[in-house]
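Read-outs: derived from the displayed coordinates by stated rules, not from any lab. Fair warning: this is a prediction, and the values are worked out from it, not measured in the lab. Cβ: placed from backbone, ideal geometry, glycine included. Neighbour counts: every protein chain shown.
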Amino acid sequence: MKKSFIVIMLFLSALMAVGEDGYNCWLRYVPVENNNLLLSYKQAASEIQVNGTTATIMAARYELSLALKGLLGENIPLTKDIRKNGSILIGNAGFLGEGRKSLANDLQKAGAEGYLILTTSINQKKSILITANTDIGVLYGVFHFIRLLQTRQAIAALHIISAPRLKLRLLNHWDNLNRTVERGYAGFSIWNWHTLPGYVDQRYIDYARMNASTGINGTVLTNVNADATVLTKPYLEKVKALADAFRPYGVKVYLTARFSAPVELGGLKTADPLDPAVQQWWNNKVNEIYSLIPDFGGFLVKANSEGQPGPQNYGRSHADGANMLADAVASHKGIIMWRAFVYSNDLPDDRHKQAYNEFVPLDGKFRKNVMVQVKNGAIDFMPREPFHPLFGAMQKTPVMMEVQVTQEYLGQGTHLVYLSPLFKECLDSDTWSNGKGSTVAKIIDGSLDNHELNGLAGVANIGNDMNWTGHPFGQANWYALGRLSWDHTLSSGQIAEEWLRMTFSNDAAFINDVKIMMLSSREIMVKYMNPCGLHHIMATGHHYGPGPWVNNLARADWNPVYYHKADFAGIGFDRTPSGSNALGQYKAGAKKLWEDSSTCDERYLLWFHHVTWNHPMKSGRTLWNELCHQYNSGVDSVKWMRQVWNKHKTRVDAIRFRQVAMLLEIQEKEAAWWRNACLLYFQTFSKMTIPEKYEKPDQTLDYFKQLKFPFAPGN
Ligand code: GCU
């Protein structure tokens, strides 16, 4: 063998030994490093009894054995009957016989998907019981138990009862049938439509495992900008193969329905929802789907929005469209998620107001199995938005929330931005719809208005990159979506800590520092992109980088200048009664936070007010100086993030350390790009200087304006 070849092989194997590719995400089952803890875990898990043989129970058994083998370093034997102290019994409570009675209260609390994890006595032996009313509850319980070990919790005396607060906990993939992903930054779609249904990639099963471990129980496979082809027979067979792969993990499949499918596929002359032939076409199509996939979840629909067809093409309302589809799926227990992301170029009104104006009059007109799916904010997944005014405004309709896990406007694939604080900010917002305390969380979990149907969906950030999400920290946002949809009362800090422990390390120094970095990262991004309530000032099409100067797009409300309204007098969108009065769509309690420019929560100042460049800010600075300050502090904070990460080089495996380090370097450059481009552009109106103490832009405004990214991803 050649010497150089041996050297390369040695180098490669050394690299592999110290690096991880990130494929396992947070389901990394690495050995417990603390000997005392290891011993106590071994004592508590000396054998496993599994009651039941369904695919879901087999999945639970597989996961528990895999995890224990990795964490404890040995194969834990299976037993038919517990004989030793320190055993684990997993199984549906149906198998517990008389023993079930003593657990009746706890089981009632666990409900249909929840579980119990109890330290108890079985056959007079001290054991851990993981049980539930359903098999899927058992699987969720097993994942919880594994998490306790992964995060090094004590397990000597357990009494855990957990049940999800939301029924629908969904990912929305914006994946196209040609495998491109709209707003995807992690490679191509993981759905390989060409090789389905014959080839069922292990990745599909690992995807389902990852989801089930967080509580996610459904996935919309296709882009909201839908292609009717997915409703044809060959594609439905592919969808069936995916549904079969996910079923043991409790992940239901949903599709996006292109409203014009009866015309495109069925050869009808119309897709009018009130036309009996159209209704019949959908009924037949739905029956065909359910004959292949008996537990098909239903449809997600984007209609009459951004060029998508819809009922308004035929003079019908959103309710007419949604109800027609709802009737088609009702007998199969399917649901329709009808998106409220609608705005029209023909209306000269503030885009902020349009969804509310369109949907509030329809409240009470939807069938029982329709949910209206509302983005967290009124415009479009901005770094910071006030909550959407539709939350709390449609009390007769179950309203579900949609957040963006993929980071279209939030740093895309190159910025470390932990999104749980953004999701929680919206969930915790008080709409005042039923008086004080009417939070968005209580609206979407159905508790405020008594809706059985309720849910949260996140636009997926998943692609076929080795580590699923491109940026290693993108995984944290997928994880956070699942955890918050299970329990929206969890804190962002708790979720970050769990994720860090499972994904990287249980080292206390590492966790303390990196958790603070994660928790600060969203605010940092707001500062270097959209401080003080600025929004929608990104570049055109791909949305990568700044473009506050853009003013030439076909629709007024696609142009950044429409949103910031900078002029020589000042900057910001007047949404008070003297302007568009979008504020009028909020209840008095919520409005109070924003209505007066001198008391407005400054994080939303330019969202609701047009103020002068000299507007006095709470910091004592003028608005212009505050913008300079925030943009610079955002960039400085990314420098700090790099220091934090670099400090922990020895605590992270080499491959993932380098990945994050390189991405943070890119993030710093891009943060400076945002700052320089935005300040130079706004300076053409303010005519004020950037205070001496700040770094000066290294390029001219013209330089930033001419940058082009023809192949930026996700477009
Ligand atoms: C954003 C995004 C589009 C997407 C749309 C939607 O505008 O840029 O790609 O289709 O949201 O949510 O429908």
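Summing -39500 (n - 2.57) over the DSSP H runs of n ≥ 4 in the chain and dividing by its residue number, what mean residue ellipticity at 222 nm do you reach, to the nearest 500 deg cm²/dmol?
Helices in the chain give a 222 nm mean residue ellipticity of -12000 deg cm²/dmol.
Using Cβ point charges alone (K and R +1, D and E -1), the dipole size of the chain about the Cα centre works out to roughly 1340 debye.
Is the shape of region 367-429 rounded, prolate or oblate, going by the alpha carbon gyration tensor and its root eigenvalues a ≥ b ≥ c, with a/c under 1.5 for rounded and a/b larger than b/c for prolate?
Values: a/c = 2.68, a/b = 2.09, b/c = 1.28.
Prolate shape, in that a/c is at least 1.5 and a/b is the bigger ratio.
Compactness of region 277-374 was expressed as the Cα radius of gyration divided by 2.2 N^0.38 Å, which yields 1.13.
Here the peptides 77-90, 683-696 are ranked by packing, the mean other Cβ count within 10 Å, and the order with the highest first is 77-90, 683-696.
With a cut-off of 17 Å on the backbone N, the residues of region 494-524 near the modelled label site 7 Å out from Lys639 along Cα-Cβ are 524.
Annotation note: trypsin sites (Lys or Arg not before Pro) in region 385-458 located in DSSP loop regions with a Cβ neighbour count of at most 14 within 10 Å are Lys396, Lys436.
Below 8 Å, C-alpha to C-alpha, sequence gap of six or more: please give me the relative contact order for region 212-261 in percent. Please list the in-between numbers first.
Details: 48 pairs, mean separation 29.1, N = 50.
The normalised contact order for region 212-261 reaches 58 percent.
Where does the chain land on the Kirkwood hydrodynamic radius, alpha-carbon pairs, in angstrom? Could you put the intermediate results ahead of the total?
Details: mean 1/r = 0.0370 Å⁻¹.
Taking every pair of different Cα atoms in the chain, averaging 1/r and inverting gives 27.1 Å.
In this structure, the residue pairs whose Cα-Cα separation is over 23 Å, taken from Lys240/Lys365; Lys639/Lys693; Lys424/Lys515; Lys252/Lys424, are Lys240/Lys365; Lys252/Lys424. In summary, region 55-157 shows an alpha-carbon radius of gyration equal to 1.02 times the 2.2 N^0.38 Å reference for compact globular proteins. The string of couplings for region 62-76 from the Karplus curve (6.51, -1.76, 1.60, θ = phi - 60°) is 4, 5, 5, 5, 4, 5, 5, 4, x, 6, 9, x, 8, 6, 8 Hz, one whole number per residue in order, with x for Gly and Pro. The amide H of Ser429, built 1.01 Å from its N in the peptide plane, has Val440, Ala441 as neighbours under 5 Å, considering only residues 5 or more places off or on other chains.
Each residue of region 595-604 was assigned a 3J(HN,Hα) from its phi angle through the Karplus curve 6.51 cos²θ - 1.76 cosθ + 1.60 (θ = phi - 60°); the sequence is 6, 10, 5, 8, 10, 3, 3, 5, 5, 10 Hz, with glycine and proline shown as x.
Shown here are the Rg and Dmax of the Cα trace of region 454-592, at 19.5, 55 Å.
Applying the Karplus relation 6.51 cos²θ - 1.76 cosθ + 1.60 with θ = phi - 60° to region 38-44 yields 3J(HN,Hα) values of 4, 4, 5, 5, 5, 5, 7 Hz, where x marks Gly and Pro.
How would region 610-715 be classified by its alpha-carbon gyration tensor: rounded, prolate or oblate, with rounded meaning a/c under 1.5 and the a/b versus b/c comparison settling the rest?
Working: a/c = 2.86, a/b = 1.58, b/c = 1.81.
Oblate shape, in that a/c is at least 1.5 and b/c is the bigger or equal ratio.
Residues whose amide H falls under 5 Å from that of Gly458, counting only those 5 or more places apart or on a different chain, are Leu170, Leu171, Asn172, Val403, with hydrogens built in the peptide plane. Shape class for region 303-437: prolate, because the ratio a/c of the largest to smallest gyration tensor axis (alpha-carbon atoms, square roots of eigenvalues) is 1.5 or more and a/b beats b/c.
A Cβ-based charge dipole, computed about the Cα centre of region 259-396 with Lys and Arg at +1 and Asp and Glu at -1, lands at about 340 debye.
When both region 267-322 and region 97-136 are represented by their alpha-carbon centers, they are found 43 Å apart.
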